[in-house]
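The values are calculated or read from the model by the stated rules, or taken from the named source; none is laboratory data. Just so you know, these numbers come straight off a predicted model, no measurement behind them. Cβ: placed from backbone, ideal geometry, glycine included. Neighbour counts: every protein chain shown.
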Amino acid sequence: MAETLAEKLSKTALKAAMLQSVVSEDLDHIPPDFDDLARFVICAVRAVARRGDAVGLSIFVYSEAPLAEGKPHGFSLIMHMQDGRGVVSNMTILASRDANNGAARAHATNSIEAAVEELAACSLDNRTTVIWDGAVRTATVYPEGTAKEQTFYRFVISAPSDDELTQDDVCEVLNVAYNDNLKNPSGHTAKLWTKGKLVSTAEDEIERHLRGQIALFFAGRARPVRVLPQTNTAAGRADLILIQKGPVGGPRLSGVLELKVLRGPFASDKEATTEGLSQGYNYRAELEMPFATLALYDLNDPPSDDPAPLLEGQNADHIAVVRVRRFPIYDSPKAWRDAGAPAAA
Amino acid sequence: VIDPNGLQNWLKGPGVHIRRRIRLLMLLDSADYAVISPVSTARLHAFAYLADVLSPIYNLTTLSGVVLKRRIGPYFPELQWDLDRIVGLGLADVTNLRQVVEVSHAYLVASFNLRRKGAEPILDVVYRDESFLMLRDFFRELAGALGAVPEDDLDATAQADVTWMTGHRGTVIDYGEWRASNYSELSAERIEELARERFSRTGLKLGPAAKVNLYVRYLRRAAHG
């Protein structure tokens, strides 16, 4: 029989107990699994949102050589921001995708306008920028820099609590994601339509967007929350599994979020619901997790927010365990307004 | 001011030479990216060493494949030669120059960082090649993971590497010829295996970035005992 990894390593200087500690305690140190700019945004928010003292204005600007670029403008070294080191309030900070080490400079005055002008004066106004406003716990992201002030996304970040992640928290982030970005998604958030036609990858698009939104929303949690995407279990493929660091020790499984896209007709929507319910129920049981949520994204014309018709005649055990939410997605802001501008709550 | 002929000559040469040189510029560039520069001689060699042993995680081939186990840490004579040339060409700045004595030999050590004005045009050309972008991503990941290590622990962290620790002092460690003797990579894979066991049946899969970061977390722990 072939030698296992453990056997191969048993003859080496590997400290097996230490490797085990990494697995049980450090898993939440894996970097967010996104492209560089999304990773930068999540890490920048993480650097500031968990801190009790981040009540002022912090501006993070993406740079591929932060200190080299900042030094001529009077920026100085700031280290280990992800561990809560360094003063970030009322600062502009140049950093790369991990927003851990960087270069910082204090704002001359504490106004957003003045700080944005300072960026332009340093020719840094064309970089992906995150403006954190501690007073309202909001992160505004300018993907193409503050010079393009019309192109931005705003994210509300939850308070820096020490609490356990709950099903209600997950539903809250689903509401926020819907109200802010998904009710009538632009191509920048989730590309669901091309030339009026639904794309086949709509489910992946929504999943990608939600992963980012969940990572941002919970970035303020004192006990880090991570999303494991597309995990394969004995029960099949789970869409998003949430883990959170325990009050003591390492990260633990918190819950599972199943996503389904409804494209009609009714019979196949019902089938998708049956599948989502059964997956949520089985993953939760299989992985012994506290909760399971099924989010249905309705892309029908017209869409609906009422899960009741889809739940009729479904397995009662599944319905009892899995919380189901249905979100109507509109293909344009006009369609959304014409439908009475529904908001998720 | 860079002497263009000198630069051309330095960048020329058979495949492995040019790869080695580009790799060195990229290592210094990623040190800037993670804000761990200027980087000392010892750390640059340790960084180059880890970048070599861990490259299979990104499905990249190792470059040197062998290293002499010296007391003070990994050291590649070719890398040092190229580093000196980079300084001579005006592509890197030297600070904190000092002499150290090991057994009967004296070495000059210093700290280095890229002189970006000269190096950036070269790197711009290099990064147009997709295969180098993958390498850049890996170097940035490793530099970022090392950049999270407290300054005082960094040297011990780099030397806690499993392949390095397993080798005998004064001998050549060969990790390139046989994948089976690259214990660093095997340890990183073992982390994934253990993670899968811990999160019973989630079918958790760790990406290469996660593996590099978690392996460096292991090195930090191992450096402390």
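Data for the structure
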| read-out | value |
| --- | --- |
| Any chance residue A:51 is out of contact with any Leu (no Cβ under 6 Å at 6 or more places or on another chain), modelled with pLDDT under 95 and either in a helix (DSSP H, G or I) or surrounded by 23 or more Cβ atoms within 10 Å (Cβ to Cβ) (or both) | no |
| Every pair of residues 6+ apart whose Cβ atoms lie under 6 Å, when the first sits in segment B:210-225 and is at the interface with chain A (Cβ under 8 Å from one of its Cβ atoms) and under 9 Å from residue A:18 (Cβ atoms) while the second is surrounded by fewer than 24 Cβ atoms within 10 Å (Cβ to Cβ) and basic (Lys, Arg) | B:222/A:15 |
| Selection from segment A:109-167 of residues that are surrounded by 18 or more Cβ atoms within 10 Å (Cβ to Cβ) and of a type in the set (Val, Ile, Thr) | A:116, A:128, A:129, A:130, A:131, A:141, A:146, A:157 |
| Residue B:43 vs. criteria farther than 19 Å from residue B:215 by Cβ, of a type in the set (D, E, K, R) and in contact (Cβ under 8 Å) with a residue 60 or more places away in the chain | no |
| Residue match in segment B:23-35 (condition: of a type in the set (Asp, Glu) and within 28 Å of residue B:150 (Cα to Cα)) | yes |
| Any hit, segment A:12-27, residues being facing chain B (nearest Cβ under 9 Å), in contact with a Pro (Cβ under 7 Å, 6 or more places away or on another chain) and among the aliphatic types (A, V, I, L, M) | yes |
| Yes/no for residue A:263 being among the basic types (Lys, Arg), on the phi < 0 side of the Ramachandran plot and within 14 Å of chain B (Cβ to nearest Cβ) | no |
| Filter result for the condition that a residue is among the charged types (D, E, K, R) and touching a Leu at 6+ places or on another chain (Cβ under 8 Å), over B:155, B:161 | B:161 |
| Elements of type helices (runs of 4 or more DSSP H) in segment B:76-178, at least 3 residues being of a type in the set (D, E, K, R) | B:77-88, B:116-126, B:130-147 |
| Residue B:104 under 16 Å from residue B:26 (Cα atoms) and of a type in the set (S, T, N, Q) | no |
| Only one of B:196, B:190, B:140 that is surrounded by 22 or more Cβ atoms within 10 Å (Cβ to Cβ), facing chain A (nearest Cβ under 10 Å) and free of Cβ contacts under 8 Å to residues at least 60 places away in the same chain | B:190 |
| Inter-residue pairs, beta-carbon under 7 Å, first at positive phi and in segment B:89-101, second aliphatic (A, V, I, L, M) and exposed (fewer than 11 other Cβ atoms within 10 Å of the Cβ), 6+ apart | B:90/B:1 |
| Residue list for segment A:75-116, restricted to those being in contact with a Gly (Cβ under 7 Å, 6 or more places away or on another chain), within 18 Å of residue B:142 (Cα to Cα) and among the charged types (D, E, K, R) | A:98 |
| Answer from B:153, B:161 - the residue that is under 15 Å from the mean Cα position of the chain (by Cα) and in contact (Cβ under 8 Å) with a residue 24 or more places away in the chain | B:161 |
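Yes or no, residue by residue, for (1) more than 16 Å from residue A:34 (Cα to Cα); (2) touching a Lys or Arg at 6+ places or on another chain (Cβ under 9 Å); (3) at pLDDT below 80; (4) buried (at least 19 other Cβ atoms within 10 Å of the Cβ):
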{"residue": "A:196", "(1), (2), (3), (4)": "yes, no, yes, no"}
{"residue": "A:209", "(1), (2), (3), (4)": "no, no, no, yes"}
{"residue": "A:214", "(1), (2), (3), (4)": "no, no, no, yes"}
{"residue": "A:221", "(1), (2), (3), (4)": "yes, yes, no, yes"}
{"residue": "A:224", "(1), (2), (3), (4)": "yes, yes, no, no"}
{"residue": "A:230", "(1), (2), (3), (4)": "no, yes, yes, no"}
{"residue": "A:234", "(1), (2), (3), (4)": "yes, yes, yes, no"}
{"residue": "A:237", "(1), (2), (3), (4)": "yes, no, yes, no"}
{"residue": "A:249", "(1), (2), (3), (4)": "yes, no, yes, no"}
